[in-house]
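The values are calculated or read from the model by the stated rules, or taken from the named source; none is laboratory data. Everything numeric in this text was worked out from a predicted model, so none of it was measured. Cβ atoms come from the backbone with ideal geometry, glycine included; neighbour counts cover every protein chain shown.
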């Protein structure tokens, strides 16, 4: 699963000039606890509305959405409510902003300067103009009463072509599955569309331009959203309604398993680093592998595994309305004394998504479908370990499994496979993986 980094965010203020172009890149350094944290802000405008994203290169975080809450005269306020972050800034010159960054009540001065900022090198990102049609679209999840927004790409002069929907992994993600400067779904959609496949990718509920609330949603809710996307695909001109597929990354692979059983419109599925073993086992193995590669002692790993296993068992069997108190008691009884850590651990486990994911068993879905499925795994993946998940997936004759040597969770050529490498690797997704996906789709009858 992808780790979503909720970190420092900031913003911009503007001169009160009607014709001023406020769009562009703004950078500054946040001085916190004796160290400097470079931040970069990207301001864009669409249909008269300003939008913003932030990069924190030193933390490997890019394209973090920023909510524009207030714009008046020469000032602007941006916020990330979930992280208790806000910033109030004013232009002191045309290209200079003076402001105050606030997180959880703590105020830190932050000045920004406008100018071109070189982003991380991502050679696979496509550049416009594209040799295919690209359309911004919306579709409705009627059961949830929300409208989802995405991008639909289709080869020119399309006729009876296959079509796929892309489903992101865990955590709130946009249509490009943007992470640490990479846009894997943009690269994948571009590659497939150039090779004769129509592709729908979309912002998850509560993210980007999609309606709804991400917090509190579960894998099954995300499956409903994807099903609505399949309905949209089935109605598009030039699309072969008998060649509709889903490509899900990480938790998106679990969504694919759910729809393989529940949605008759689906004709094939591709799981990229998708689960083969139950959710609680994935998280336990993930923690062990990351700790081992990070140099944690075996004694500490064993202790942490036992603590987590007990907590996971408690989450699975306890109603949500009773869970907070029982988790806090469990952690205290097992030697945890720091109240802040107890609160953090309890909060991370006490939510509907975690309860459903820990109990999610891929085998319960895969045994009930004969849908053609392709499961691709990276040997150096420390988030969805390849060997254990491949072994489980190979028990189902309709699932073709392939492990790629040297690739990580994002299917980049990696050294250790640890998440802290993702941002430093130029490659977004291995060409071998792209080709394997294309060939599987092309071979569907």
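Where in segment 71-181 are there strands (runs of 3 or more DSSP E), lying wholly inside it, with at least 2 residues that are at pLDDT 95 or above and over 22 Å from residue 23 (Cα atoms)?
133-141, 146-154, 161-167
Starting from residues that are more than 12 Å from residue 146 (Cβ to Cβ) and not in a helix (DSSP H, G or I), keep the ones in segment 202-226 and report whichever is nearest to the chain's Cα centre (by Cα).
208
Name the residue that is farthest from the chain's Cα centre (by Cα), counting only residues in segment 402-411 that are free of Cβ contacts under 8 Å to residues at least 40 places away in the same chain and surrounded by 20 or more Cβ atoms within 10 Å (Cβ to Cβ).
Looking at the filtered set, the residue picked out is 407.
Mind checking which residues of segment 45-69 are over 21 Å from residue 121 (Cβ atoms) and part of a strand (DSSP E or B)?
Scanning segment 45-69 gives 45, 46, 49, 50, 51, 52, 65, 66, 67, 68, 69.
State the number of residues belonging to segment 339-359 that are under 25 Å from residue 253 (Cα atoms) and part of a helix (DSSP H, G or I).
Here the count works out to 10.
Return the only residue of 415, 420 being at pLDDT below 95, within 23 Å of the chain's Cα centre (by Cα) and either outside any loop (DSSP other than H, G, I, E, B) or more than 23 Å from residue 438 (Cα to Cα) (or both).
On inspection, the qualifying residue turns out to be 420.
Does residue 436 count as within 23 Å of residue 164 (Cα to Cα) and either part of a helix (DSSP H, G or I) or in contact (Cβ under 8 Å) with a residue 24 or more places away in the chain (or both)?
When the stated conditions are applied, residue 436 passes them.
Is there a residue in segment 378-389 that is in the same structural domain as residue 185 (by TED's automatic domain parsing) and assigned to a strand (DSSP E or B)?
The answer is yes, given that some residue of segment 378-389 is in the same structural domain as residue 185 (by TED's automatic domain parsing) and assigned to a strand (DSSP E or B).
For residue 188, state whether it is more than 18 Å from the chain's Cα centre (by Cα) and in a helix (DSSP H, G or I).
no
Right, residue 260: over 28 Å from residue 308 (Cα atoms) and in contact (Cβ under 8 Å) with a residue 40 or more places away in the chain or not?
Yes, satisfied.
So in segment 94-105, with the set limited to residues that are in contact with a strand residue (DSSP E or B) (Cβ under 9 Å, 6 or more places away or on another chain) and farther than 17 Å from residue 70 by Cβ, which one is surrounded by the fewest Cβ atoms within 10 Å (Cβ to Cβ)?
Per the stated criteria, the residue is 104.
Go through 248, 304 for me and flag whichever is crowded, with 23+ Cβ neighbours inside 10 Å and either closer than 24 Å to residue 172 by Cβ or touching a helix residue (DSSP H, G or I) at 6+ places or on another chain (Cβ under 7 Å) (or both).
Exactly one of 248, 304 is crowded, with 23+ Cβ neighbours inside 10 Å and either closer than 24 Å to residue 172 by Cβ or touching a helix residue (DSSP H, G or I) at 6+ places or on another chain (Cβ under 7 Å) (or both), namely 248.
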